[in-house]
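Just so it is clear, none of the values below were taken in a lab; they were calculated from the coordinates. Fair warning: this is a prediction, and the values are worked out from it, not measured in the lab. Counting neighbours? That spans all protein chains shown, and the Cβs are built from the backbone with ideal geometry, glycine included.
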């Protein structure tokens, strides 16, 4: 925003310029520097503006009086008559005009202090302490290639690490708050050249961040044998190279218009920036448990499954945290978590949905903050592996159709035989019947106390989206209709089947699955339920081995992104494997630059999934953190993962 | 005595050896590739897969594979935790102090509550004290620990605001978890002490002592209690072992970062190296505590001789 006083300065200069022109000067250049004032959450931009006098051809339409000779017939004779007419004619003249040209725009990438005094003139030091409860305090594994737990984004969420790019307060990726302070995409694609913000420090004296650290972090995550959780989403990434301490290049294996998301906090499961120096000195294994990063909070103590104590880095490049210290404590037992919140032992806690109303009523001054998109609880009709030809496989490069779990027989009536249209329809009837037997509204109201929506589609679409189609909704609750369909499919007496409802995963509600199981029993089905640990079924999850009904979940939202993972039975698959043409549609979104087309592609895949009812949404629960009265502010940014984030925005009552 | 000690130590070693065979067999059970139990689900690439297979000796006979694994175990190397990417034994060492502290607190609660109440109940048979003691025993043995823990939190932390809801800290942090762990066992000890005391007090030597005019306090604590101590001592010794290995529920409810939670997390994550380390630790604790209890018999009852 240009301040008013600069406007007057500029106006005065322009008047001066006009005066000098009238005295016969042919060209004058006035250089004006306009500085946009920094406000909390905004970028400092310095623009060098030149006001110059230039000669310009100006074309105007003018009315011109012209004399013309016309032939007229007067009394039968042709005679020449001179007439005067007014015509409109373009007239070009050379004029001197004053033009303002921005000759340079510099993004000054300095700190973006959030903690300011009321008038914005003074920075306030971090002050106060707060405690956050989380369901899990993850282990500190600060080398990307070794981190395979899937919750490593906690390191960023808790303010310890950074990604190369960060979003600003408007939730746009912004070089002013990023470690990459500039980048250039090569015209032919395939390469990005970037520069590093100077002066960014690793915690605990591990030195200044350089381009080598960034290159190391990404190459390490993608190395052979890496267990980095987000590796499967990095198939576009080839390598990073540091050109010197302050710049580097990133190379693509294939186009990816969404690359920026993989390098920023707009997403999760991407490599963070680790210290190469630490790796060099202590080795990969030795460096893993040294919890350092470049984020606004430094780790003071870290005990897995217990607590993490963090302290603000006051001279941080992108943000000044508001609270001096904070602590994350692990409390997984819902009632114990509620008790800790009510007693004030924790200030922010993810309270279970069915305890929210009670907690809110018991603690005056508390508020509810919904985090992330809804989390769709999903039944997988596992075993419909319909991809033919050579199959992707974790360790066998020669794997061919069919998958071991592709068993379209009487013991697995929900699995359709892709080569037999009649069998496909019969299996569809079974899946549809099992879907009709489940009442999503009841599950939402009884299990999740109404916090959420009844259903969302597998590809992330919600009924509130403009692109939503009604046919994506599960069939209406109709147990009698379900029985009739089962009879049509040849299972009038129902059937017995194995179901796996994993226990001990906070994002998967086995309670919702048990509710669905009871509804299935009501129509004559007999689920034999395995309520074991999630990991106990881990080795069956891969390479199309599994063929039992499974409970899982999917974070809804981000309908414009590539969402192929899970539709092919390789790693974290979701029970089915689509035919090649649909996997191809899905894969196109890895290179599709048009958002609308990406959404359309996902919608086409969703059409197929819904046509064949490959998944059954039970309901989509929301995740809510309750905020205690001691917390004055907390601004978690949009993030599809429902976990605590942005501690630097938390301010505490003193 | 010396021979007995050596024999028991040999038994203990044999037992531990047998348990290693059992643990190893678990990792090979089900006909699945054991690499799945040692690697993250995110592992990619054939090279890493093959490398681990070579390291584990999967191309060699099962006995050799066991030998390779046992060699590591003897050196304290159970492998790298799948979840934490650290030596599994290091994790066990880190968590052990918390469990030991909670076990000691729970043991003290059990002994300090169970024994006096058991004696009181026995010596006041048929009185209000006896009924109160028996009611406590009944309640204690019928209340599930997770429910008791939550109730204690609601009453003493949320309602009365007297004690913290959980987690390690000062002495006040030990009270509710220790009660939760020790409640059930205190009730059991109470019943055992009561019945043992009743049996002893019905003995002729107690009647004789009473006839000789021995004072009540001396009669109870010197003559009756010491002779009634052997069954509770056996129980208490095994209790200590169970506290060290079985505080899982209390550790979960009170967010106590001990071995129990580590074991549960390892099971949830299918983290076999950590599971193996905790299982062998638990076995060792039981072997050690039962040995100590056997030795204490001789101290408590001079009639017992080991040969």
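Details
- Euclidean distance between Cα centres, segment A:411-478 to segment B:69-118, Å: 46
- Estimated purely from DSSP H runs of n ≥ 4, each contributing -39500 (n - 2.57), the mean residue ellipticity at 222 nm for chain B is -23000 deg cm²/dmol once divided by its residues.
- Gyration tensor verdict on segment A:144-246 (Cα atoms; rounded if a/c is under 1.5, prolate if a/b is larger than b/c, oblate otherwise): rounded
- If the segment from residue A:281 to residue A:633 were pulled out straight at 0.36 nm per residue, it would be longer than the present Cα-Cα gap by 122.7 nm.
- Put the Cα centre of segment A:199-246 next to the Cα centre of segment B:177-249 and the gap is 64 Å.
- Label point distance in nm, residue A:170-residue A:503, each placed 7 Å from Cα along Cα→Cβ: 5.1
- In range of the label at residue B:124: residues from segment B:228-245 whose backbone nitrogen is under 14 Å from the point 7 Å along Cα→Cβ: none
- Divided by 2.2 N^0.38 Å, where N counts the residues, the Cα radius of gyration of segment A:520-626 comes to 1.24.
- Under 14 Å from the residue B:198 label point (7 Å along Cα→beta-carbon), backbone N, segment B:220-235: none
- Full-extension gain in nm, residue A:253 to residue A:588, via 0.36 nm per residue minus C-alpha separation: 119.1 nm
- For chain B, the longest principal axis of the alpha carbon atoms and the long axis of helix B:2-28 meet at an angle near 40°.
- Highest-fluctuation residue, B:211, B:196, B:187 considered, GNM on chain B with Cα pairs under 10 Å: B:211
- Counting 0.36 nm for each residue step from residue A:581 to residue A:442 and taking away their Cα separation leaves a gain of 46.4 nm.
- A Förster radius of 41 Å, combined with the Cβ-Cβ distance separating residue A:471 from residue A:360, puts the computed FRET efficiency at roughly 0.65.
- Using the Cβ-Cβ distance between residue A:565 and residue B:59 with R0 set to 30 Å, the FRET efficiency from 1/(1 + (r/R0)^6) comes to roughly 0.35.
- Axis angle, to the nearest 10 degrees, between helix B:128-142 and the longest C-alpha principal axis of chain B: 10 degrees.
- Residue among B:83, B:194, B:261 with the largest mean-square fluctuation in a Gaussian network model of chain B, springs linking Cα atoms under 10 Å: B:83
- Degrees, to the nearest 10: B:46-55 long Cα axis against longest axis of chain B: 50
- With 5 Å bins from 0: P(r) over segment B:174-307, alpha-carbon pairs, percent: 2, 9, 14, 14, 15, 13, 10, 8, 6, 4, 2, 1, 1, 0
- Cβ-derived FRET efficiency at R0 25 Å, residue B:155 paired with residue A:654, nearest 0.05: 0.20
- Gyration tensor verdict on chain B (Cα atoms; rounded if a/c is under 1.5, prolate if a/b is larger than b/c, oblate otherwise): oblate
- GNM remark for chain B: springs join alpha carbons under 10 Å apart, and the peak mean-square fluctuation among B:128, B:238, B:117 falls on B:128.
- Overall form of segment B:38-174 per C-alpha gyration tensor (a/c, 1.5; a/b vs b/c): prolate
- Centroid-to-centroid separation of segment A:565-604 and segment A:134-194 [C-alpha atoms, Å]: 25
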